[in-house]
Amino acid sequence: MKKNTIKRIKEAFPHFNERPITENDFWRASKKFKIVVRRLPLEIDGYYERYKGRNYILLSERLTGRKWLHTALHEFCHFLFDVPIGKTNYVLYRKRSDIDRDDPRERWADAFATICLMPFPEIIRLSKEPPPEDQDTLRLCLDRLTVKSHYGI
Ligand SMILES: [Zn+2]
């Protein structure tokens, strides 16, 4: 993990990988960077778009709760890292089920969202308790450990 990467993230989310990033954090960061966030009847979970120099995060109105937040943060990650400098129009889609695992931008955007939802101190805390019974939380913990082994964060 490059130092500049963390610096860029902390501009948006000062508590990244310290405590869980909440929906409020997401809205605050979107406001700070003047990103327009909309819920729409989409076939896909969501996408990030830059159009005429303005930034948009478009999210499926089907999404709720943790899935919504994970997708919103995934798209935010594209805003932070994946727009080629000088481009005023740009789109990055997220497929509904088969995220393109070969695209490092997609893998990192997923990893980023997972870290946001499950910062490492939280993993340490949970490891001292009985395993979570909730399947989604268990899945998130396993994903988080995979991120740790791939990205070292
Ligand atoms: Zn994506």
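The values are calculated or read from the model by the stated rules, or taken from the named source; none is laboratory data. This one's a predicted model, so the numbers in the text were calculated from it and none came from an experiment. Cβ sites come from the backbone with ideal geometry, for glycine too, and all protein chains shown count toward neighbours.
The table below gives the values:
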{"item": "Pair list, Cβ < 7 Å and 6+ apart or interchain, from region 115-141 residues that are over 16 Å from Arg66 (Cα atoms) to residues that are surrounded by 13 or more Cβ atoms within 10 Å (Cβ to Cβ) and polar (S, T, N, Q)", "result": "Phe120/Asn17"}
{"item": "Subset tally (residues that are surrounded by 13 or more Cβ atoms within 10 Å (Cβ to Cβ) and of a type outside the set (A, V, I, L, M)) for region 34-50", "result": "7"}
{"item": "Given (1) modelled with pLDDT under 95; (2) aromatic (Phe, Trp, Tyr); (3) within 14 Å of the ligand (Cβ to nearest atom), index of the condition Tyr51 fails", "result": "(3)"}
{"item": "Helices (runs of 4 or more DSSP H) lying entirely in region 27-141 (those with 2 or more residues that are of a type outside the set (D, E, K, R) and farther than 21 Å from Phe13 by Cα)", "result": "120-127"}
{"item": "Residue match in region 106-114 (condition: basic (Lys, Arg) and within 16 Å of the ligand (Cβ to nearest atom))", "result": "yes"}
{"item": "Single residue of Gly86, Gly65, Gly53 found to be of a type outside the set (A, V, I, L, M), without any contact (Cβ under 8 Å) to a residue 12 or more places away in the chain, exposed (fewer than 14 other Cβ atoms within 10 Å of the Cβ) and over 26 Å from Thr137 (Cα atoms)", "result": "Gly86"}
{"item": "Condition met for Asp103 (within 12 Å of the ligand (Cβ to nearest atom) and surrounded by 11 or more Cβ atoms within 10 Å (Cβ to Cβ))", "result": "yes"}
